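Step one of this worksheet: look at the structure below.
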Amino acid sequence: MWQRSLLMATLLVSACVTVNIYFPAAAVERAADQIVKETWGGPGEPPKRNEPQSRIPSVPQSTESWSLVPAAYAQEADINVSNPAIRALKDSIKNRSDLIKPFMDRGSVGINQDGLLAIRTTDGLSLKERAEVQQLVEAENRDREALYLEIAKANNFARDAVPKIKRIFAKSWADQARPGWWIQDAQGAWKRK
Amino acid sequence: MYGHFMRRPAIRTLSILAVLLLSAYIGLYLLAKSQRFQRWLTAQLAQRTGYTIEVGGLSLQLPLRFVASGVQVFKSAEPILQAPQIVITLSPWDFISKTIHRIQLNQPILYFDARQLLDSSTQGSLGVAIRHLTIYEGALILKTGDARSIDFRSVSLSANDLNLGQTIGLTFRAELPWLKSQAEISVRSQAGEAEAEIRIHHTLGNRVLALPGSNNPSRGHFRANVKLRKNKPQGWVVVAAGDLNQFMIGPDTTTGEFDIKTEIDPAFQEAAFAGRLAVTEFTRRMGSIGLTKATQPATATFGGHYSISDQLLHLHAVHLQSAWGTAEATAAVGFAPRVNLAKGRATLRQIPIEALQQFFPEPLRALAVKGIVESELEFAGPWPTVEIKGIARSHDAQIASEKLSLARLSFSAPFVWTNGSVLAREVQIQANSLSVNRRDRATFAADEIRINAVLEKKPADALNASGKMRILRGRFAAGDGSKVGEKIDLNAHFDTRVAAEKQVTSLAGNLRIDQGELLWGRFFGDLRARRPAADFDLDYAAADDTLRLRRLSVSLAGIGSVDITGNVERVTESPLLRLDLKTDDLQPAGAFDYFIRDTLKRSYPILDRLRIAGRMNFSVRLDGSAEQWTGQGNMHIRAGEVRDHSDKWQIGPFDLVLPFRVQLPVPPSRGEALPAIPTGTLAITSARVGSESIPPLRTTVAAWNNALEFRQTIPISIYGGTIEIGNLRWQDFINHAETVAFSLSAKNLQLQKLTEDLGWYRFAGTLSGSIPNVESTGSVLRTQGEMQMEVFGGKVRIAPVEVKNPFSGLFSVRLNARFEDIHLELASETFEFGRISGIVEGSVNDLIVTSGQPAQFIADLQTVAKTGASQWISVEALNKITVLSSGNEAGALYGGLATFFDNFRYSKLGFKATLKNDNLMLRGIESRDGKEYLVVGTLLPPTVNIISHTQQIGFGELLRRLERITESGSPQIK
C-alpha cells in the first residue's frame, strides 16, 4: 500500500511543471545591439558579437522560485523597441552622436557601467568645450534614461527591470565602442578599449 | 640709697655733656654763618685745589649738613662750576676716614675743558672720598677750544663711593635708571696716560642681575675699557674696546664686541677715528615695529673724522655685513647749531625680504618670502626730520604660504621719506605667477600681474595708494571644478586709503575685463564680447567686518548695468547682505541669449526658437545671507517681445510693471499673515499666432513671496472666438517654475483658421469648452473638464488631456475623444479620402501622440443609421480603405460590374483598432466566419463589402500605406 502511495506521490511531483517568467535578456541584448548600431553605428568597429550565442536564451536572471523539478522556460520572443517615443529618443541620440564622439575619441567622456555617459576628465578641454561636453552628456543621459524606461514600458517590464536594461545596453555600447574609447567595467574601473 | 647716690652723678655728667655738645653745635652753627670762617674755608680750598671759590652763603642744618648757596668755582678766571646750591652732609665716622658722606649739587653748571680733561698731567689729588654724589638737573659744558663748547643739559647723576684721593684718580658708581642699570666707573691716571673702565650691570630693584650662564658677577652686561694716551706731538690717542653681554636697551638685548681708535690732533680741532662693531645678537625697534631678533652675526666697520671745531662728523666708509644684507654708506653729520645730516649716501645690497617682512601688514607677515632687495638711498636734513630719497628694487622674489604663492616678483619703488612721511611715486610691481588656494579648495591664479602705483603715508594720516593694476591670463576654479574662469585679462584703476587706526580701508576705482572665459556649471561665457566692467567706491571696516558699498556698478556690454549700494556684514564669516540693486536699461534679449539660450538649448530645444526683445529696469532690496535671502522691489519691462524665431507666433510689444518679493530657499508659509500684496499690470499691445492677430489686452499681475498670479481673467480674442484664462498662478515660480495652475475656457473658436495655422487639414467648425482646472506639475500637465469641437456636423468631446514634457523633444499628449454625429461626407471631403456619406460615432481612448506621431490608442468608430442619412462610399474611398487595410490596390478587387459605378451603398462602416508599439491591430465592424468586415454592404446593389485579412499592421507598413493613399489621386478601379 505504502509503495503505491509513494509511487503516486512521485508521479505527482514529477508531473509538476514550474513556468518561470523571466527577464528576456537575450532579446534585450539583440534590441540593444540594434539600437546602438542605429544610433552610434558608423565608422566604428563593427560589433563582434557571437550571433548564435546571443540567440540562445540566456540563463534566467531572476527566478521567482526554486524547485526540485525541472523548470520549463517560456519561449523568448523579440521585444518591442519601436514606438514614437523610442524613435524620437533614438533620433535624438543619433543626431547628437557626432557631437559627442570627438569627446569620446579624446578620452574626455566614457561609457559607464549603467549604459550612460560620464565625463572622465576635462583635461585638455577649453572651457567652451567643457561647457559643451557637460551639456551634451547631460542631454544624452537624459535621453538614454528615457530610452531605457520607454523600452521597459513598451514591453510591460517591471520598473526594477530598468537597471538590467541599463547593464545590457552598457555592454552593447561598450562592444560597439571604437578602439581607444574608455569603458567602465562592472567594478567601476575605467579601461581603454 | 646706693642707687640714688650713683644716679645723681651720672645725670649730672650727661647734662654737662649735653650742654657741651649743644654749645659746640651752636658754636659750629655760628662759625659756619660767620663771614670770617667762610673766607677762611674758601681760601683753604683754593690753596689745596688751585681753584678760586666763591660762596654766597653757608649755613648749617641739622644734624651736620652744610648748605652752600651761590657757589662758583673758577680756575684761571675760567668758570669750573656754578651751582645755586650745594649741600654737603658730614658724618663723624666718615669724617674720621676722610670721607664726605654726601654731596648734592642742585642745578649746577659744570665746565670742562676737553684738552685739560684729556691731559692727565693736570689731574690733581684731593685725597678725599665721597660716599654719595648727587647731581640734580645739572648742565655739562664741554669746552673744545676757540670759545666753542658742547652743552649737555638736564644731567642728573647719582654716584657712590667716589674715591678722589688714590692713584686711579676716580672711582664711582652711578645709577642709570633709564637703562635699569648701575654703572661702575673707575678712572686711572698715570703719567701721559689715562684709563677708564666702565661696567654696567642691569638691576632689578636694588639687586644686580647676574649674567645668564656666567658665574662672574663682575663681568657686567656692558664693559668698556677706554685708554687715553698723550701722543706728543701728534695729540692724543683714545682707544676703546669692550663687549656687550645681553645688554638691554629697552626690552631688547644685544651681545657683541667693539673697538674704536680715535686720534685727536694737538690743537684739539680734528679727531680721526676708525672702529669695528661685531654683534652676535641684537634686537631693535624701528618706530613701533619690532624687528625680528637676529642671531646671525653682524659686523660693521667705520671710519671717519670729526671736526671738533666745526662739530662736523664725516663718515668716510661705513661697511655693514650681516645676515640682513650689506650696506655701504658715507655721510656728513653736523652737530651745530643742531644735528644735521648732509651728503648721506647708502647702498644696501642682498637684503633678504624676510628681514623686511615685519614692515608688512599683519596678514602678510605669516608668508614665507624669498628674495633679495636692493636699495640706494640719499639722505639729508636736520635730525629728526631727515629726508631720505631712494629707490628699492627686487627681482625674482617669491612669496608662499599654505594658501598663496607668488613667483618671480619684481618691484621698483622710488620713494622720499621726510619727517615720518613716505611718498613713493611710480611704484612698479610685477609678478609672473600668482596662485591663491582658499580653504574651500578654490584657487585663483594669474600668469602675470602688473601694478603701477603711487603710495603716500603721512604721520597720523592714512596710507593712500592709487594706480592701476593689470592681470594677464588670470584664472580661478572652485574646489569642485564647477566654476572656472580662464584667460582673464583684467585692467583696474584704484584709489585706496588705509586708515590703520580706524581699521578702515577705502577703495574706489574701476575694473574692466578685456577678455576671458567663464564656466559656471553648464554656463559658458566668452567675456571678450561682453566686456564685464565695474565701478566701485567702498569701505571695509575691519572692526565690525563690514563692507560698505557707496557705489558698485557692474555692467556687461549688450546687456546693461546694475548699480549696487548698501552693506555686507560679516564679510569674512557668513556674509549678511543688505543691498539695493538698481538698473535703468537692461536688455533682456542680451541676458537671455548670453545666460539662458546657449546654456539650456540642448536640454530645452524650444529655447533655441525663442527671440526676446525689450528693455527692463528694476530696483530690488536684498536682505539676508547667501543661503537665505529676500529680494523685494519693482520691475518694469518696456516694449517687451517674445516670439518664435520662424515668426509663427509673437507676443508683444508688451509692458510689464511688476512689484515683487522673492525669497530663497523657500517662501514664507501660507499661514503667515501678510500685508496687502501690491499688484502690477501686464499690458500687451499686440500678439499674433500665425496670421491671427490678438487685440490688445491688459491685466493685473502679482509676484509676491515666490507666487506669481494673474488675478483677473485674461480674455484673448482669437480665431473668431474667445479664450479665457483664469486663475493663472505659479505657486513658487522661483523653485518650481514648472508647477502652474489655471482654468481655460474657449468659445466658438473657428477651426478653419486654427487648423490652417497649425498646418493641419483645414476644416470648418468651432471649438468650445471649459476646463476648470489645468495643473502642471513637474513635466506633466493635466486637465479636468472637457473641450468640445463642433465639427463635421457633429461633436467631438475631448477629455481629459494630459501633456508630458511640453518643452522637450519628447513632447507627448494623451487624451480621450468621443465622436458624436460626425458627418462622414464632410470629414472625408476635408481629408481628401474620397467621398463617404453617413453618420459616425464612437470613441478614441488613450490616444497618445508623441513627437507628433500617434503612439497609442484604442479606437471604436462606426456608422450609425439615422433617418435621412444616406450611406454611400465612393470608389476612391473604397480604394483607400483597401490600401490602408490590405496594403494592396483595390483595382483587382473591384473589377467587373463594379467598374460601372462611382458609389456603392453600405449598411455599416467602421473599425475597431488598437495601436501600441507601432503595431496597429485593425478589426472590422463585424466579425463573421472569422472575417473582419470594415464595410458591410447592403442587400441592394450597388453594394460593397470590405474584409480585412491583415489585422496586424506594423508601423513601417502603415506609413507606406498612408503615403500611397496620399499619393493616389483619382480612383483606380478598373
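Values in this text are rule-based calculations from the coordinates and carry no lab data. These numbers come from a predicted model, not from an experiment. Cβ coordinates were reconstructed from backbone atoms using ideal geometry, including for glycine residues, and neighbour counts include every protein chain displayed.
Restricting attention to chain B, close to 95% of DSSP beta bridges with both partner residues there are antiparallel.
Expressed in whole Å with the largest first, what are the equivalent ellipsoid semi-axes of chain B derived from the C-alpha gyration tensor as the square root of 5 times each eigenvalue?
118, 31, 24
Summing Lys and Arg as +1 and Asp and Glu as -1 over all other residues whose Cβ lies under 15 Å from the Cβ of B:Arg65 gives a net charge of +2.
Cross-link check: pairs B:Lys747/B:Lys866; B:Lys75/B:Lys143; B:Lys804/B:Lys916; A:Lys101/A:Lys164; B:Lys75/B:Lys98 evaluated at a Cα-Cα cut-off of 20 Å; pairs beyond the cut-off: B:Lys747/B:Lys866; A:Lys101/A:Lys164; B:Lys75/B:Lys98. Between the helical axis of B:2-33 and the longest alpha-carbon principal axis of chain B there is an angle of about 80 degrees. Each Lys or Arg adds one and each Asp or Glu takes one away; over the other residues whose Cβ falls under 11 Å from the Cβ of B:Asn225, this sums to 0. Shape verdict for region B:426-485, please, from the Cα gyration tensor: rounded (a/c under 1.5), prolate (a/b greater than b/c) or oblate. Cα axes put region B:426-485 in the prolate bin.
Our summary gives region B:573-619 a relative contact order of 57 percent, counting only alpha carbon pairs under 8 angstrom and 6 or more residues apart. Each of B:Asp526, B:Asp539, A:Asp105 was scored by other Cβ atoms within 10 Å of its Cβ. Arranged with the fewest first, they read A:Asp105, B:Asp526, B:Asp539. For B:Leu708, B:Leu105, the sequence from fewest to most other C-beta atoms within 10 Å is B:Leu708, B:Leu105.
Taking N as the number of residues in region A:114-178, what is its alpha-carbon radius of gyration divided by 2.2 N^0.38 Å? Please list the in-between numbers first.
Details: Rg = 14.2 Å, N = 65, 2.2 N^0.38 = 10.7 Å.
Rg over 2.2 N^0.38 Å, computed on Cα atoms: 1.32.
Think of it as helices only: each DSSP H run of n ≥ 4 in chain B is worth -39500 (n - 2.57), and spread over all residues that comes to -3500 deg cm²/dmol at 222 nm. Quick one, can you get me the convex hull of the C-alpha atoms of region B:332-442 expressed as volume per residue in Å³? Given the Cα convex hull of region B:332-442, per-residue volume reads 108 Å³.
State whether region B:681-743 is rounded, prolate or oblate according to the following rule on the C-alpha gyration tensor (a ≥ b ≥ c being the square roots of its eigenvalues): a/c under 1.5 gives rounded; otherwise a/b larger than b/c gives prolate, and the remaining case gives oblate. Note, shape of region B:681-743 comes out prolate.
Counting, for every residue in A:139-147, the Cβ atoms of other protein chains within 10 Å of its Cβ and taking the mean gives 2. Normalising the average separation of contacting C-alpha pairs (under 8 angstrom, six or more residues apart) by the number of residues puts the relative contact order of region B:329-488 at 13 percent. Annotation for region B:489-527 versus region A:145-193: alpha-carbon center distance of 48 Å.
Counting beta carbons within 10 Å around each of B:Met616, B:Met469 and listing the fewest first gives the order B:Met469, B:Met616. Within region A:101-193, antiparallel bridges make up roughly 75 percent of the DSSP beta bridges whose residues both belong there.
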